[in-house]
Amino acid sequence: MVARRRKRGERDSEQGIPSPPGYSAIPIKFSEKQQAFHYLYVREHRVREGTKSSWPQKRTLFVLNVPPYCTEECLSRLFSPCGPVQSVGLQEKPELADSPKEPKSKFFHPTPIPGFQVAYVVFQKPGGVSAALVLKGPLLVSTESHPVKSGIHKWISDYTDSVPDPEALRVEVDTFMEAYDKRIAEEEAKAKEKEGVPDEEGWVKVTRRGRRPVLPRTEAASLRVLERERRKRARKELLNFYAWQHRETKMEHLAQLRKKFEEDKQRIELMRAQRKFRPY
Amino acid sequence: MGPAPAGAQNRGAAGEPEVMELALEGTGKEGKKESSKKHALAGSPVEGFLQPVKLSRAELYKEPTNEELTRLRETESLFHSSLLRLQVEELLKEVRLPEKKKERIDAFLREVNQRVLKVPSTPKTELTDQTWLPAGVRVPLHQVPYTVKGCFHFLPPAQVTVVGSYLLGTCVRPDINVDMAVTMPREILQDKDGLNQRYFRKRALYLAHLAHHLGQDPFFGSIRFSYTRGCHLKPSLLLRPHGKDERLVTVRLHPCPPPDFFRPCRLLPSKNNVRSAWYRGQSPPGDGSPEPPTPHYNAWVLQDVTLESHVQLLSTVLGSALGLRDGVALLKVWLRQRELDKGLGGFSGFLVSMLVVFLVSTRKIHTTMSGYQVLRSVLQFLATTDLTVNGISLCLSSDPSLPALADFHQAFPVVFLDSSGYLNLCADVTASTYHQVQHEARLSMALLDGRADDRFQLLLMTPKPMIRAFDHVLHLHPLSRLQAACHRLKLWPELQDLGGDYVSAALGSLTTLLEQGLGSRLHLLAHSRPPVSEWDISQDPPKHRDSGTLTLGLLLRPEGLTSVLELGPEANQPEAADFRQFWGSRSELRRFQDGAIREAVVWEAASMAQKRLIPHQVVTHLLALHANIPDTCVHYVGGLLDALIQSPKETSNTGEEALAAAVRCYDDLSRLLWGLEGLPLTVSAVQGAHPVLRYTEVFPPTPVRPAYSFYEQFRERASLLPRPDKPCPAYVEPMTVVCHLEGSGQWPQDAEAIRRVRAAFQLRLAELLTQQHGLQCRATATHTDVLKDGFVFRVRVACQREPQILREMRSPEGMISLRDTPASLRLERDTRHLPLLTSALHGLQQQHPAFSGVARLAKRWVRAQLLGEGFTDESLDLLVAALFLHPEPFTPPSSPQVGFLRFLFLVSTFDWKNNPLIVNLNNELTVEEQGEIRSGFLATRTELPIMVIVTPQDRKNSVWTQDGPLPQVLQQLVVLAAEALPVLEKQLMDPRGPGDIRTVFRPPLDMYDVLIRLSPRHIPRHRQAVDSPAASFCRGLLSEPGPSSLMPVLGYDPPQLYLAQLREAFGDLALFFYDQHGGEVIGVLWKPSSFQPQPFKASNTKGRMVMSQGGELVMVPNVEAILEDLAVLGEGLVQAVEARSERWTV
C-alpha cells in the first residue's frame, strides 16, 4: 500500500493534486518533520436561493477535512496570506441551515474532543476566497514561530483549563437563573392575564391553574383512562360460555402447543447444527 | 448496534479478495451473522439465529390426528416439555450405536469367539514355573510374593459369552466396549484356588497365554492388557479390530471361573482368604490373633463368579422396556459428564443399571416410564438415600444363612448387595465417591425442579471436570509417598486385602483425616480415581506409583473460611487429649474471653486471601503429621491466580481489605452528607456508583498523599497540576457517588435551568463540606470532588424529575408524551440503574465473599487481552454475578480461581445470538417472568445489541451492553476464552507445578495492523502490567498517607486521553485496543469496510483523500498521513508506530 501510494505521490506532483469537482485541494501537515500530507478541500460557501445561512455569502470559504490538531486560530493564521480573516467556525459536520448560535457556557457545554472537522473561514473581503482557492500550500499547522501543542503538553494544558473556577461558575449560574426566573414570571403573568378570557372565536382555555383543575394532557393520563375502559368492558364479557367458545379455546390451546413444538424443533435443529448433542 | 461490522461489506467486494485481512478471527462469521440479520428481516431462514415461527392459519388450526394427540399427551405426562423431549431424543440418537456399526461389531465378535476357542492347550506346570510362557508376553499381574502353590495348564475356554452393556443395548458412545466372559474349564482350577491369590494368578496366566496366541493373529489391530475397572488383581485383555475399524470397538476378555466352583460362604466379607503368613512371608504369629478379613479380595472373586447371573438379571428387567434402557443411557451420560464413572471405585454404568433394577424391584420405577423419568427417579433416590449408612439389597430371599447388611457395613463404606446376597456391588466405591454422587444428584434435582429453560444443557451436556467443579484442588505427587503413608497409618491388613495397592489402601484414611481436619471449612471432599491404564502385552504391568497422581478436590464453605481458629474442647475434658493428638504441635492451650480454657489451633492468616488458603495449611500439616507426607509432595492449587489481582507492592492480600477500607471511607462520607446542615433540600439518599463501591475494581485505590514538589501548584484553586518535565503523576480515579435530594416542587421545569440549579447545589455542597467538616472540595457544574482520608469521591447531585423532563415531548396537539432520548437514557443509567446495580452487587459480595476476586480476575483478563474498553465495566460484573446467582450445574464458587475458570467457560460457550443472559439479582424474577423475557427477546432480537444481559431492574433494554461490545470484539473474546480455558486448566492440573500462570493473560499481538508503542514514563499505571516491570518511575506520592491541602491530579491518564482523541479522529477507519492496566502498546485494526474506495461525499471526508482510480475520482483513507498523525497526536507518549504493512495491501 505504502509503496503504491508513494508512486502516486510523485505523479501528483506532476499533474497537480486530484480534487473533487468544485473543490480545490490544499495539502496540509502538522510540521516540517512530517512526510505525508492531509488535504484540505475548499470551495466558496454557497447556499441555494432563499435558504438562510449564518455565514455571509461570497466572503466565506468552506473547508473540508480539517485535521484534529488544527485550531481556529491556526486556520485563521494559515489563511491570512489570502486576505484578512474575519472569523473562523469549526464544526463537526457541514450544516447549511445553521442553528441559532447561542454563546455556549464553558461550564455546561464542555468542548468535545475534536476529530476531523469542517471549517467556515470568513474573510473580510470576497477577494480572500478566490485567493484561497488557488492557494498552493503546503500549509504547516505548527511552526517555530507559532507552535501548536499536542500530546503531553496539550493534555496538561487541557487539564489545567479543566480545573474549575467556582466563583465564575457561581456568577454564571446566578445570572442565568435570574434571567430564567424573570422569564417564567413573565410567562406566568401572561397566562394569568389570559385566564378565563375567551379568544377571538370565543373559546376559553382551561388550564391546571384554574379554580377547578382538570386532567393534565399527558399520554400517560389518557392511557390510564383507556385502560380503565378496557377493564370495564372485559368484566362484562362472557368467557367459555357458548359451546363454540369452548371449542375455540381448546383449539387455541392446541395451536399454542403446535407453535411451541415448531419453535422447539427449530431450536433443536439449530443445536444439532452447532453439535450441541455430543456429550463428548 | 454500532457501526456495521466490517465483514459484511468485505464479503460484498468479491472483486478484491485480498483487500484486507478480515479484521479479526471469526469476523467472517460475524459478517455472516450480520448479513443474516438483514435476511432475517426479509424472512428467509438463516444459520445461527432463531427465527420467529410462522405457521399458516390452516396449519395451526387443522384437525389434530390421533397420533398427534397421543404424542402431545405423552409429552405432557412423561417429559416436562416438548423441548426437553426433543432434546433427550436427539441426545439418545447421538450416543446410541447405529445399526450399521452394530452389524460390523457382531461380525467381529463372532470371529473373536472362534479364534479364542481355537487357542491350543499347554502341558501342566507349577504356578511358579512360568518358563513355558513365550518371550513376547509378560504376565499382567504383580506377583508379590512370588511363591504360590498350585499347578496351571491352559485349556481352551469352556464357553465364551458376551456380557454387559452391549448385549443390553445400553452402551453409549464414544468408547464402545464389549465385555466377553471367558469361562475357564474346571480342570484348570484346583480346590483351594480361592486362597492367596492363586485364582488371580491362574487368571492372569490364562490371559497371558490367550494374548500370546491372539497376538500372532493378523486379524487384530491391537492387543493390550488393562485392569478390569482398575482392579490390580484382575487384568483383562483388550482386542481391537484391524485397519480402519480400529476405533470402532474394544472387546474386553474377562476370564471367569466355572459356575458353582467357589462356595459363596467362603467369600463372606468377614472371611480371610489371604493368609498373613503367606503374604508377609512370616511364620504364623502363633499368638492366636485372628487373621484379618479380606472383604475386597473376596468381592473381586465374587464379581467374576456372578458375571453371568447379573447379565441375565439385567436383560430380564431392561430387555423389554425401552424407557429403562434410555434411562440407563442418560444416566451414563450424566455420570460421564461428572467424571464419576471411570477408574477403580467409580460409579460405573453397571452400577446404575443395577440401581435401576433395584428401583424397578421396589416399584419406584415402572417399566413404562420414559428415559427422562427414570433419570429423575434415580437421581431422586440417590439424593435422598445414603448408602454409606443404609445399605440396600437386591436379594429377596430371607434365608437366615445369608450374611446381614450390618456385616457388609463393617467391611465396606458403601453397601449395595446383588441378588445373591453375597456380593457388595459397591465394594470398591469409597465413601467420598458416593458422597460426591449424592452431592451431584442433589444439585441435579434442584436444577430439574428450578430452572425452566436450559436444564437439559446444564444437566447432561455440561462437563464438570474436577478443576472447574472444586474450589481448591491438591495433587499428591509422587504417589510412592503413599506407601510410607500406609505404614504410618498402620494399614497392613488393608494392603493384604487389596493385594498391595497402597493408593486405594491409603485413600480412605486420608480422606477421613482431611475431612475431620477441615471440618466446618469443607463442604465436600472428592478424590480422583486413578485412571485405568492400558499396556502392551510385551510389557510388565504398570506399578502403582505410575498410575498418575492422586488429586483431591475441596468444595469449601464460604462461611467457614473466615475463622482462623479451630476451637477444641476444654482442657480438663477427656476429648482434649484426642484433640491434641489430632493436631499435634499446632494445638495450644488458650484462655478465651468468656473465661474458658480450651485447646485450640490458630492459623496465621491476616487477609481474606490468606484465610481462603487456610485449608492449605491444614492439609499440609495433617498430612505431614499423620501420614508422613512432606509438603513437597503436596501441590496445592488454590491461590495461584491471586498474584494477578495483588497490588504491585502488596503480595500478602488480594485487595479485599483495601476495597473494604475505601468502602468504609465512603460510608463515613455518606454519613457526613446526610448530616449536612444548610443545604436548601436535605439529602435523602447517598448511593455508590463506582466499581470500587461494589468491590469489583481490579486494583483498589489507595489513600494518596502527593509530594508537592513533583507537581505544578495552582494555589488559588487549591489544586495540583501535572508537570511536563516530570513523569506522569499517579493515577487517581475519583469514586462516583450519587446524592439524591428530598423531593421538591421548586425545581424548575426546564432542563437547562435544572442543570444550573444542580450546579448551584454542587457549589453549596463543596462549601458546606469544607466549612463543617474541613474536607478539601472542588465543585464543577456536574459534580463535586471531595478529598477524604486520601480517597477522592465525586459526588453528583441528582434531581429525580430530570430524566422525565428530558423525555417530555409535546405533540402538535399539545399532548405531552414521554419518549426516551439519548440524554434521558444516559442520565437514567447514571443516576438510577448504576446505583441500583452497585448496591445489588455490594449485597452479592456480602453473600459470596469470592465475588470480588472472581470479578476482578475476570476483568483483569479481559483487559489484559486489550478488549476491556469494548465492554462496560458493569456488563463484565454482571457476567460474573451470573456465575454466583446461576451456578448450575455447579455450586457458587468460593475461590477466585474456580470462578475465573467458569467465567472463561461461560464466555466461551454462551450462545449470545439466541439467548439473553438473565442475571436474577435478589431473585426478583419469577420463572414465568423469565420465560416472558426469553420470548420477548426472540421477538425483538434484531433491535437488541449482540450481547444482551437482563436484570430485574432492566428487563428489556440491556442498558450495559447498548454501546458495545461490537460483534467482532465479542467474537474475539469468545475465541480467546475458548483458547485460554484448556491451557489454564492443563497448567493447574499439572502436578509438577503450573509453570507460568500468566501465559493466558498475555495478549496475542500478531493480529493487529498497527502497533503503537507507548513510553512507560507517561503511563501512570505502568506497575500494574501483567508482567510487572522491575523498575518504573516515581509517581509523586509520599509513602506515608496523610492530609493534603491541595487536590491531587484526578483522572489524568495520558494513554486514555490519547485513545479518546484517536477514536474521535479515526473511529470510523480503525479500532483501537489497549490494556488500561499498564499496557505499553495500543493495537490498531483497520476496518476493512472503510478501506473500500468510496465516491466523494462532503460529509465523509474525514482523514481521506481523493484519488483517481480508473478515471473516476474516489476517496480512500490517507494512510500515510494517518500513521504520522498517530505520532503527532501522542507527542511525548508515543515511542514508535509500527505499521505492519505485511498484513495489508491496497
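The values are calculated or read from the model by the stated rules, or taken from the named source; none is laboratory data. If you're wondering where the values come from, they're calculated on a predicted model, not measured in any experiment. Positions of Cβ are generated from backbone atoms using ideal geometry, with glycine treated the same way; all protein chains shown enter the neighbour counts. All accessible areas refer to the heavy atoms of the entire protein, side chains included, with ligands and DNA or RNA removed. Shrake-Rupley method; radii C 1.70, N 1.55, O 1.52, S 1.80 Å.
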- Pair list, Cβ < 9 Å and 6+ apart or interchain, from the stretch B:1055-1078 residues that are more than 25 Å from A:S157 (Cα to Cα) to residues that are among the aromatic types (F, W, Y) and surrounded by 23 or more Cβ atoms within 10 Å (Cβ to Cβ): B:L1069/B:W1086; B:L1069/B:F1091; B:A1070/B:W1086; B:L1071/B:W1086; B:F1073/B:Y1008
- Message: Could you check the stretch B:815-828 and list, in sequence order, the residues that are closer than 18 Å to A:R224 by Cα and either of a type in the set (S, T, Y) or open to solvent by less than 40 Å² (accessible area, probe 1.4 Å) (or both)?
- Response: B:I816, B:S817
- Filtering the stretch A:130-161 down to residues that are in a helix (DSSP H, G or I) and over 23 Å from B:P1054 (Cα atoms), which residue is farthest from the other protein chains (Cβ to nearest Cβ)? A:A131
- Query: Does any residue of the stretch B:246-254 turn out to be under 22 Å from B:A135 (Cα atoms) and in the same structural domain as B:V112 (by TED's automatic domain parsing)?
  - Reply: yes
- Task: Quickly run through the stretch B:1087-1103 and pick out the residues that are within 12 Å of chain A (Cβ to nearest Cβ) and open to solvent by 10 Å² or more (accessible area, probe 1.4 Å).
- Result: B:F1091, B:Q1094, B:P1095, B:F1096, B:K1097, B:A1098, B:S1099, B:N1100, B:K1102
- Selection count, the stretch B:70-101, where residues are within 12 Å of chain A (Cβ to nearest Cβ), open to solvent by 40 Å² or more (accessible area, probe 1.4 Å) and within 20 Å of A:Y280 (Cβ to Cβ): 4
- Note on the structure: Here the residues within the stretch B:722-759 that are at the interface with chain A (Cβ under 10 Å from one of its Cβ atoms) and within 18 Å of B:T831 (Cα to Cα) are B:E752, B:R755, B:R756, B:V757, B:R758, B:A759
- Are any residues in the stretch B:552-599 among the small types (G, A, S) and within 30 Å of the chain's Cα centre (by Cα), and if so, which ones? B:G553, B:G560, B:S563
- Message: Just to check your reading of the model, which residue among B:G1130, B:G1067 is in contact with a Gly (Cβ under 8 Å, 6 or more places away or on another chain), among the small types (G, A, S) and under 24 Å from A:V63 (Cβ atoms)?
- Response: B:G1067
- Item | Failed condition for B:D789, given (1) surrounded by fewer than 20 Cβ atoms within 10 Å (Cβ to Cβ); (2) in contact with a Pro (Cβ under 7 Å, 6 or more places away or on another chain); (3) within 12 Å of another protein chain (Cβ to nearest Cβ); (4) not aliphatic (A, V, I, L, M) | (3)
- Message: What's the number of the only condition in (1) in contact (Cβ under 8 Å) with a residue 24 or more places away in the chain; (2) in a helix (DSSP H, G or I); (3) under 20 Å from B:W960 (Cα atoms) that B:L866 fails to meet?
- Response: (2)
- Message: I'd like the full set of residues that are free of Cβ contacts under 8 Å to residues at least 60 places away in the same chain, over 24 Å from B:A526 (Cα atoms) and in a helix (DSSP H, G or I), limited to the stretch B:324-366.
- Response: B:L324, B:G327, B:V356, B:V357, B:F358, B:L359, B:V360, B:S361
- In the stretch B:639-652, is there at least one residue being surrounded by 18 or more Cβ atoms within 10 Å (Cβ to Cβ), touching a Ser or Thr at 6+ places or on another chain (Cβ under 6 Å), over 19 Å from B:V786 (Cβ atoms) and among the charged types (D, E, K, R)? yes
- Task: Among the candidates B:S236, B:S222, single out the residue that is among the small types (G, A, S), outside any helix (DSSP H, G or I), closer than 21 Å to B:P134 by Cβ and open to solvent by 20 Å² or more (accessible area, probe 1.4 Å).
- Result: B:S222
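Conditions (1) assigned by TED's automatic domain parsing to the domain that holds B:L1011; (2) assigned to a loop (DSSP other than H, G, I, E, B); (3) polar (S, T, N, Q), marked per residue:
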site	(1), (2), (3)
B:D1027	yes, yes, no
B:P1041	yes, yes, no
B:Y1058	yes, no, no
B:Q1061	yes, no, yes
B:A1098	yes, yes, no
B:V1116	yes, no, no
B:L1123	yes, no, no
B:L1126	yes, no, no
B:E1131	yes, yes, no
- Note on the structure: Of the residues in the stretch B:977-1025, those that are in a helix (DSSP H, G or I), in contact with a Gly (Cβ under 6 Å, 6 or more places away or on another chain) and within 21 Å of B:K649 (Cα to Cα) come to B:H1022, B:Q1024
- Query: Does at least one position in the stretch A:122-129 carry a residue that is of a type outside the set (S, T, Y), in contact with a helix residue (DSSP H, G or I) (Cβ under 6 Å, 6 or more places away or on another chain), surrounded by 14 or more Cβ atoms within 10 Å (Cβ to Cβ) and in a helix (DSSP H, G or I)?
  - Reply: yes
- First in the stretch B:1121-1141 and within 16 Å of B:A1070 (Cα to Cα) and more than 7 Å from chain A (Cβ to nearest Cβ), second anywhere and part of a strand (DSSP E or B) and small (G, A, S), Cβ under 9 Å, 6 or more apart: B:I1122/B:A1070; B:L1123/B:A1139; B:A1127/B:A1136
- Note on the structure: B:D217 vs (1) touching a Lys or Arg at 6+ places or on another chain (Cβ under 8 Å); (2) of a type in the set (D, E, K, R); (3) not assigned by TED's automatic domain parsing to the domain that holds B:K118: all pass except (3)
- Query: Any chance the stretch B:906-913 includes a residue that's under 20 Å from B:H848 (Cα atoms) and open to solvent by 10 Å² or more (accessible area, probe 1.4 Å)?
  - Reply: yes
- Query: In the stretch B:49-64, which residue that is in a helix (DSSP H, G or I) and either more than 8 Å from every other protein chain (Cβ to nearest Cβ) or acidic (D, E) (or both) is surrounded by the most Cβ atoms within 10 Å (Cβ to Cβ)?
  - Reply: B:E59
- Message: For the stretch A:201-222: of the residues being charged (D, E, K, R) and in a loop (DSSP other than H, G, I, E, B), which is modelled with the highest pLDDT?
- Response: A:E201
- Message: For the stretch B:1026-1071: of the residues being open to solvent by less than 20 Å² (accessible area, probe 1.4 Å) and within 36 Å of the chain's Cα centre (by Cα), which is nearest to B:K788 (Cα to Cα)?
- Response: B:D1053
- Where B:G421 falls short, out of the listed (1) open to solvent by less than 10 Å² (accessible area, probe 1.4 Å); (2) part of a helix (DSSP H, G or I): (2)
- Item | Pair list, Cβ < 7 Å and 6+ apart or interchain, from the stretch B:703-729 residues that are on the phi > 0 side of the Ramachandran plot to residues that are surrounded by fewer than 16 Cβ atoms within 10 Å (Cβ to Cβ) and polar (S, T, N, Q) | B:A718/B:S1045
- Residues in the stretch A:228-280 that are assigned to a helix (DSSP H, G or I), more than 7 Å from chain B (Cβ to nearest Cβ) and more than 49 Å from the chain's Cα centre (by Cα) total 12
